[in-house]
Amino acid sequence: MSEQHGPIILEGVYFDGRSSRDQPATLTVDAQTASLRVAASAGLGLPGTLPFAQSWPARTLGVEAPIPGVRRAITFPGAGRFETRDDAGVSAWERATGRNRALSGVRALESRWWAALAALGVSLAALALFVVYGIPAVARQAALATPRSVLATFDRETIGVLENGDYFGPSQLSAARQQQLKAEFRKVAAWAGGGYPYRLLIRDGEAGGVSELGANAFALPGGTVVMTDQLVALAKSDRELMGVLAHETGHVTNRHGLAGVYQALGLTLATTVITGDLISAGTFAAAVPAALLSGGYSRAAETQADEASGRYMLRTYGTTRPLQTMLARLEKDDAKEDAKDSQTSTKKSGPSIFDLLSTHPGTPDRIAHLKRIEAEGKPATKR
């Protein structure tokens, strides 16, 4: 390589673009021109009066980005390629002609350990932000875009798994009592709207062996709401139960449960349903129960569902007090169960979406919020 203030001479090999055979060659470059001289002419077919040389304006040549351990490559118009191990010479020519400035900057950063560590830190921070904010946002959009037919598949598969597993058993309530509660729920469902095929399933939450649900109610994405015998027994009035069920319809109409499933299972499932691959979606639906059991609603989702229930309570009963009372009673009952578990050296498997008290806002905060809804006298309009 010559001094950088004059022409730069690069030693390497030339490929004519028609065969894999290389020829020893010399490329002389400066800011304006590039001249190639090949040691042998056989098969090269170089045009012009000088069969062993060719010149081009420097701006017409291409310079490929550097790759560690690989020869630098310069390409010619039409066909032909020159490769050299003189990385310093090619880099000097790049600087002289202003080529690949961005790539040169990246390469310079890559050669410095502190820059590599900084890039790693930025990448990890970006990944963390995507996990904390990006995935939930994408999950919410995927939930809103999911077809109703897929929701029905989720409900059907989930109920099948729960009924065949150790979660609950048939209700012990009389048929007349179940019909009475379902009739009341139909009023809640009519108010909730949204075109969902709501149905209420009443099950024994203490017939599930190691996975007892106890006093609970939960909603599946397609509008199936499950309420346990134990929750019915804990309530002092049907108003309290309807407040809980109205809360669950709030999760359905806002697709909170489905968003939680997507967030728990990852973006693969979201991509599947958005692209309309319903067969694969049906396969993925079998994983929904596990995602529901290990998940939980966000503070915003729980607050939104409480607001939905509050509006229904105000419209129907003129007060949110029945739901306030029910939440307080549930917390007291939950504390008793925890004390019982500690005495018997047993422990629940962890928070679940099935647990009405497992969500982020504490019960006192939720009750205070319901009181504010009543005090503000929010209009009883549908969502």
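Since every read-out is calculated from the coordinates, none of them should be taken as a lab result. In this text the structure is predicted, and so the values were computed from the model without any measurement. Positions of Cβ are generated from backbone atoms using ideal geometry, with glycine treated the same way; all protein chains shown enter the neighbour counts.
Return the subset of 336/371; 236/336; 187/332; 187/336; 182/332; 182/371 for which the Cα-Cα distance in this structure is over 24 Å, preserving the input order. Intermediate values should be presented prior to the final figure.
Numbers: 336/371 26 Å; 236/336 18 Å; 187/332 29 Å; 187/336 33 Å; 182/332 27 Å; 182/371 27 Å.
Violating the 24 Å Cα-Cα cut-off are 336/371; 187/332; 187/336; 182/332; 182/371.
Per 0.36 nm of contour for each residue apart, how much would the distance between residue 59 and residue 31 grow if the chain were fully extended, relative to their Cα-Cα spacing?
Length gained between residue 59 and residue 31: 9.2 nm.
Tell me which residues come under 5 Å, amide H to amide H, from residue 172 once H is placed; ignore anything under 5 positions away on its chain.
Result for residue 172 returns 204.
Between beta-carbons, use under 11 Å as the cut-off and find the net charge around residue 238, counting Lys and Arg +1, Asp and Glu -1. All intermediate terms of the calculation are to be shown ahead of the outcome.
Numbers: positive: 177, 187, 236, 239; negative: 184, 240.
Counting the neighbours of residue 238, the net charge comes to +2.
With an 8 Å Cα cut-off and a minimum separation of 6 or more residues, compute the relative contact order for region 143-220 in percent. Write out the running numbers ahead of the final one.
Details: 57 pairs, mean separation 31.5, N = 78.
With pairs under 8 Å counted, the relative contact order is 40 percent.
Could you run the Karplus curve 6.51 cos²θ - 1.76 cosθ + 1.60 with θ = phi - 60° over region 139-152 and give me ³J(HN,Hα) per residue in whole Hz, x for Gly and Pro?
4, 5, 5, 5, 4, 5, 8, 6, x, 4, 5, 6, 4, 4
Give the whole-number value, in cubic angstrom per residue, of the convex hull volume spanned by the C-alpha atoms of region 178-227.
Each residue corresponds to 75 Å³ of Cα convex hull volume.
Long-range amide H contacts for residue 298: which residues qualify at under 5 Å (H placed 1.01 Å from N, peptide plane, sequence gap of 5 or more or a different chain)?
Here nothing satisfies the definition.
Under 17 Å from a point placed 7 Å out from the Cα of residue 123 along the Cα-to-Cβ direction: which residues of region 54-72 have their backbone N that close?
68
May I ask you to compute the full-extension gain from residue 299 to residue 376, defined as 0.36 nm times their residue separation minus their alpha-carbon distance, rounded to one decimal in nm?
25.6 nm
Using a simple spin-label model with points 7 Å from Cα along the Cα→Cβ vector, what separation in nm is obtained for residue 177 and residue 96?
9.5 nm
Working out 0.36 nm times the residue gap between residue 156 and residue 184, then minus their Cα-Cα distance, what length gain in nm do you get to one decimal?
Roughly 7.7 nm would be gained on extension.
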